[in-house]
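To start, the structure under review is shown below, and the notes come after it.
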């Protein structure tokens with residue numbers, strides 16, 4: 001759709017809303033064009049292409065913030081947007097005021113990091129990349145029997161937002177991602193493993209490194225066995241740690257604290273992690289694929305410590321939760337609150353060096369069932385896990401069919417050392433960078 | 001949204017480009033929801049979404065394009081791209097579209113979309129007023145009510161011209177109990193294809209009190225033990241064990257590419273002889289039901305396992321082509337943004353002969369999983385995990401102290417073989433299932449069952465309730 005038309009439609013909506021009686025109003029347009037190919041048995045098994053768009057509206061009436069959404073751009077749809085948001089305001093009974101915002105010094109926010117590399121993502125290029133990856137995954141080892149899932153997808157799309165306070169936002173972003181899942185077999189034993197890559201330039205995809213990473217975590221699983229239940233000195237590998245920490249990130253939201261849904265309430269300035277653990281939000285982090293200069297409420301983001309040498313420095317605020325405490329938004333307003341790009345400060349030593357000190361223990365490489373096996377409020381978790389034993393200070397036998405169980409808050413206070421092998425995983429509004437973490441002892445359930 | 005003429009033109013272009021099946025899927029969704037937190041209405045939402053998806057198949061080669069932009073130029077561009085990407089297959093004849101036939105599995109007397117949001121609020125207040133005053137230990141509470149009406153139309157080059165129209169309501173109630181730094185939540189979330197009469201008849205006060213009691217009980221519980229032991233799993237949502245450990249591995253999405261531990265096992269013993277199981281989409285008014293699937297085929301009541309013998313897989317069109325078989329009417333998708341795949345509907349272990357009390361009495365020591373949380377499975381290996389929301393130890397044939405924080409892990413094939421008791425108290429329970437074609441409403445179900453040995457991932461606790469032994 002023509003972006004000028006989209007913007008003029010947004011203006012029409014905001015003007016109509018004010019005329020309707022809304023005290024403040026904001027309208028946002030979001031579009032998305034994506035393409036994906038899937039490869040199986042040496043050919044394209046699936047090709048997907050899509051074009052999507054939508055308009056969301058929010059407006060303040062009777063002191064309540066009503067919201068609505070549509071995918072249509074007709075005059076009738078605009079009336080529906082406004083009247084249904086007004087209806088919602090009549091039902092809402094929120095005691096805390098919400099806001100529509102514009103910083104007069106930053107009323108025009110524009111960020112368009114999409115570059116010409118995106119043009120390389122043609123159908124033929126995605127297919128060629130996928131076919132080569134499938135072929136070379138199968139050729140890597142005769143134990144790799146199938147590539148059950150191989151998908152390459154790319155998407156980009158502009159977002160425009162304007163409001164009655166004078167804010168105008170234009171943002172564009174793009175991404176390409178590759179995911180492959182393989183099956184390895186040896187005798188009756190079947191194991192599966194997957195790997196993921198994302199970036200902004202398909203030329204930077206390193207097929208060889210991707211295959212090495214996938215094979216190095218998949219093939220050892222064929223030899224994996226459960227171990228006896230007990231308490232083990234444990235290193236949680238970078239990606240597994242990011243997944244685990246990410247499941248508890250909502251506790252850092254000021255909104256969750258205000259509603260009594262986070263045990264971090266009132267603990268700013270207190271020690272919540274070991275001295276060696278620091279977590280910093282760096283919205284414009286140079287290593288991040290997508291930078292985040294402003295949040296979804298039009299507030300500029302900035303670099304800040306969340307945890308500094310174990311001390312909890314600040315909760316994450318949006319406009320609403322900040323007002324409740326008489327302070328400023330931290331630029332984390334994304335619907336609720338969310339982190340942008342965050343970085344756990346690296347230590348000095350490698351996982352191998354730390355393992356030498358541990359002597360006997362466990363390296364956890366994967367945790368499953370994060371949506372079910374943990375209590376995001378209490379911090380308790382019990383998760384199906386995989387990894388390796390540490391024997392005589394070295395990574396040894398692969399381990400399967402165990403759970404690790406503990407409490408997130410206890411674990412963070414007990415962290416012994418941070419390794420120097422940082423990796424990143426994407427979240428909804430940025431990436432999480434973390435090295436592997438030596439967490440001390442943890443309870444393991446397995447075969448007795 | 002799209003005219004019949006335009007749809008026929010799309011189907012013509014697709015088949016002329018080499019597709020042996022061309023399908024157009026059009027979806028219109030209307031929804032209305034209200035949510036409360038700690039006694040206040042913080043969410044109210046309503047709206048509609050619509051979109052379309054065009055699928056071309058040539059053998060096992062699939063092209064899928066979709067959009068919510070009904071501009072003819074966008075549609076023709078996507079169609080053209082789809083036609084150029086499809087592999088050239090055998091030429092087929094296009095059958096003329098049949099007369100439109102409409103179906104539903106909804107069983108509605110009072111349309112929930114005719115009820116105002118204020119009435120939703122009035123209903124929810126019955127629950128929230130109990131939770132906010134029940135006990136000082138209940139420190140937070142949420143409840144919500146959401147109605148979704150989904151009308152889909154499926155037309156294809158084989159002449160299929162079907163419309164399915166289902167309205168679903170789901171209530172969710174959650175109470176959170178606090179004790180010092182501990183917080184435990186208890187949740188219930190019934191869902192139905194019945195009308196607002198289901199909500200009017202629902203014993204919300206009684207269920208809310210039970211929910212509060214459970215949260216308080218669990219926040220005071222010690223940690224579950226670790227290791228292998230017998231586990232008795234309660235009826236209803238306990239069926240998530242079968243859903244995860246077996247159901248997903250019987251979908252053609254995995255069987256069709258031999259990525260399932262149950263590939264090539266039809267007619268073979270895959271479960272203990274006391275186990276029979278069905279996937280039945282044709283229960284009127286049940287949360288996971290539908291009459292016509294998202295490929296336009298009639299849904300079915302499928303016997304999956306009979307006395308431990310594997311009888312059927314759940315197969316969609318693509319799976320049927322890969323397995324040289326026929327679709328079983330199980331193709332589903334969250335919305336037009338997904339191509340359909342084989343999915344479960346109402347999937348349950350059939351009732352057996354033992355009573356719940358006899359199964360407990362027959363168990364000297366083990367874990368009783370009174371209520372289950374969610375879980376996940378790797379279909380290739382059968383490895384699964386799921387959480388126990390409400391657990392109790394069984395000691396000397398009696399239910400003893402409550403325990404929390406347990407996760408059950410294992411391999412599907414082994415667990416099915418290790419079911420040694422099946423109760424006579426079958427019950428179904430609503431849930432959402434996420435897979436390749438998105439999140440779809442399903443019910444899981446079972447009578448009380450006992451698994452003779454399963455790994456319980458708990459924590460060895462210093463303050464375990466050994467004094468109650």
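Listed here are the residues, each with its yes/no results for (1) at pLDDT 95 or above; (2) outside the structural domain of residue A:87 (by TED's automatic domain parsing); (3) not in a strand (DSSP E or B).
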site	(1), (2), (3)
A:13	yes, no, yes
A:18	yes, no, yes
A:22	yes, no, yes
A:25	yes, no, no
A:29	yes, no, no
A:54	no, no, no
A:59	yes, no, no
A:69	no, no, no
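Counting just the residues of the range B:367-382 that are more than 7 Å from chain A (Cβ to nearest Cβ) and on the phi < 0 side of the Ramachandran plot, which one comes out farthest from the chain's Cα centre (by Cα)?
B:367
Taking the range B:142-176 on its own, how many of its residues are in contact with a helix residue (DSSP H, G or I) (Cβ under 8 Å, 6 or more places away or on another chain), at pLDDT 95 or above and either assigned to a strand (DSSP E or B) or on the phi > 0 side of the Ramachandran plot (or both)?
So the count comes out to 13.
Take the range B:177-193 and flag every residue that is on the phi < 0 side of the Ramachandran plot and free of Cβ contacts under 8 Å to residues at least 12 places away in the same chain.
Here is the first cut: in the range B:177-193, the ones on the phi < 0 side of the Ramachandran plot are B:177-179, B:181-193.
Across the range B:177-193, the qualifying residue is only B:181.
Of all residues being more than 11 Å from every other protein chain (Cβ to nearest Cβ), surrounded by fewer than 21 Cβ atoms within 10 Å (Cβ to Cβ) and free of Cβ contacts under 8 Å to residues at least 60 places away in the same chain in the range A:19-59, which is farthest from residue A:146 (Cα to Cα)? Just the residue, please.
Here the answer is A:19.
Which strands (runs of 3 or more DSSP E) sit wholly inside the range B:4-111 and have at least 3 residues that are modelled with pLDDT under 90?
Correct list: B:40-58.
Taking the condition of being over 30 Å from residue A:39 (Cα atoms) and in contact with a helix residue (DSSP H, G or I) (Cβ under 7 Å, 6 or more places away or on another chain), how many residues in the range A:157-173 meet it?
4
Of the residues B:62, B:29, which single one is in contact with a strand residue (DSSP E or B) (Cβ under 7 Å, 6 or more places away or on another chain) and either facing another protein chain (nearest Cβ under 9 Å) or surrounded by 19 or more Cβ atoms within 10 Å (Cβ to Cβ) (or both)?
B:62
Being surrounded by fewer than 14 Cβ atoms within 10 Å (Cβ to Cβ) and either modelled with pLDDT of 95 or more or in the same structural domain as residue A:331 (by TED's automatic domain parsing) (or both) is true for just one of A:108, A:116, A:134. Which residue is that? Steps first, answer last, please.
Numbers: A:116 fails: either modelled with pLDDT of 95 or more or in the same structural domain as residue A:331 (by TED's automatic domain parsing) (or both); A:134 fails: surrounded by fewer than 14 Cβ atoms within 10 Å (Cβ to Cβ).
Step by step, each of A:108, A:116, A:134 is checked, and only A:108 is surrounded by fewer than 14 Cβ atoms within 10 Å (Cβ to Cβ) and either modelled with pLDDT of 95 or more or in the same structural domain as residue A:331 (by TED's automatic domain parsing) (or both).
Could you check the range B:371-401 and list, in sequence order, the residues that are surrounded by fewer than 21 Cβ atoms within 10 Å (Cβ to Cβ) and modelled with pLDDT of 90 or more?
B:371, B:395, B:396, B:397, B:398, B:399, B:400, B:401
Return the residues of the range A:197-228 that are within 13 Å of chain B (Cβ to nearest Cβ) and in a helix (DSSP H, G or I); say none if nothing qualifies.
Selection gives A:218, A:221, A:222.
With (1) crowded, with 20+ Cβ neighbours inside 10 Å; (2) within 14 Å of chain B (Cβ to nearest Cβ); (3) outside any helix (DSSP H, G or I) as the list, and residue A:231 as the residue in question, which single condition is left unmet?
Going through the list (1) crowded, with 20+ Cβ neighbours inside 10 Å; (2) within 14 Å of chain B (Cβ to nearest Cβ); (3) outside any helix (DSSP H, G or I), residue A:231 breaks only (1).
I'm told residue B:356 meets every condition in (1) touching a helix residue (DSSP H, G or I) at 6+ places or on another chain (Cβ under 8 Å); (2) farther than 16 Å from residue B:242 by Cβ except one. Can you identify the failing condition by its number?
(1)
For residue A:353, state whether it is farther than 27 Å from residue A:262 by Cα, in the same structural domain as residue A:303 (by TED's automatic domain parsing) and touching a strand residue (DSSP E or B) at 6+ places or on another chain (Cβ under 7 Å).
no
For the range A:88-109, how many residues meet the condition of being over 27 Å from residue A:293 (Cα atoms) and either touching a strand residue (DSSP E or B) at 6+ places or on another chain (Cβ under 7 Å) or facing chain B (nearest Cβ under 7 Å) (or both)?
Going through the range A:88-109 one residue at a time, the tally reaches 7.
Considering only residues that are in a helix (DSSP H, G or I) and touching a helix residue (DSSP H, G or I) at 6+ places or on another chain (Cβ under 8 Å), look in the range A:127-156 and name the one that is nearest to residue A:194 (Cα to Cα).
A:137
Quick check on the range B:225-236: of everything there that is more than 8 Å from chain A (Cβ to nearest Cβ) and closer than 28 Å to residue A:226 by Cα, which residue is surrounded by the most Cβ atoms within 10 Å (Cβ to Cβ)? Lay out the reasoning, then the answer.
Here is the first cut: in the range B:225-236, the residues more than 8 Å from chain A (Cβ to nearest Cβ) are B:225, B:229-236.
From the residues that got through so far, the ones that are closer than 28 Å to residue A:226 by Cα too are B:225, B:229-234.
Details: B:225: 19, B:229: 19, B:230: 21, B:231: 28, B:232: 24, B:233: 31, B:234: 26.
Among residues in the range B:225-236 that are more than 8 Å from chain A (Cβ to nearest Cβ) and closer than 28 Å to residue A:226 by Cα, the one surrounded by the most Cβ atoms within 10 Å (Cβ to Cβ) is B:233.
How about the range A:255-283: which of its residues are more than 14 Å from chain B (Cβ to nearest Cβ) and exposed (fewer than 15 other Cβ atoms within 10 Å of the Cβ)?
Across the range A:255-283, the qualifying residues are A:268, A:269, A:271, A:275.
Anything in the range A:355-402 that is under 28 Å from the mean Cα position of the chain (by Cα), more than 8 Å from chain B (Cβ to nearest Cβ) and outside any strand (DSSP E or B)? List them, or say none.
Of everything in the range A:355-402, those that are under 28 Å from the mean Cα position of the chain (by Cα), more than 8 Å from chain B (Cβ to nearest Cβ) and outside any strand (DSSP E or B) turn out to be A:370, A:376, A:379.
Name the residues in the range B:114-130 that are within 13 Å of chain A (Cβ to nearest Cβ) and in a helix (DSSP H, G or I), would you?
B:117, B:118, B:119, B:120, B:121, B:122, B:123, B:124, B:125, B:128, listed by residue number.
The values are calculated or read from the model by the stated rules, or taken from the named source; none is laboratory data. This one's a predicted model, so the numbers in the text were calculated from it and none came from an experiment. No Cβ is skipped: glycine too gets one built from the backbone with ideal geometry, and neighbour counts run over all protein chains shown.
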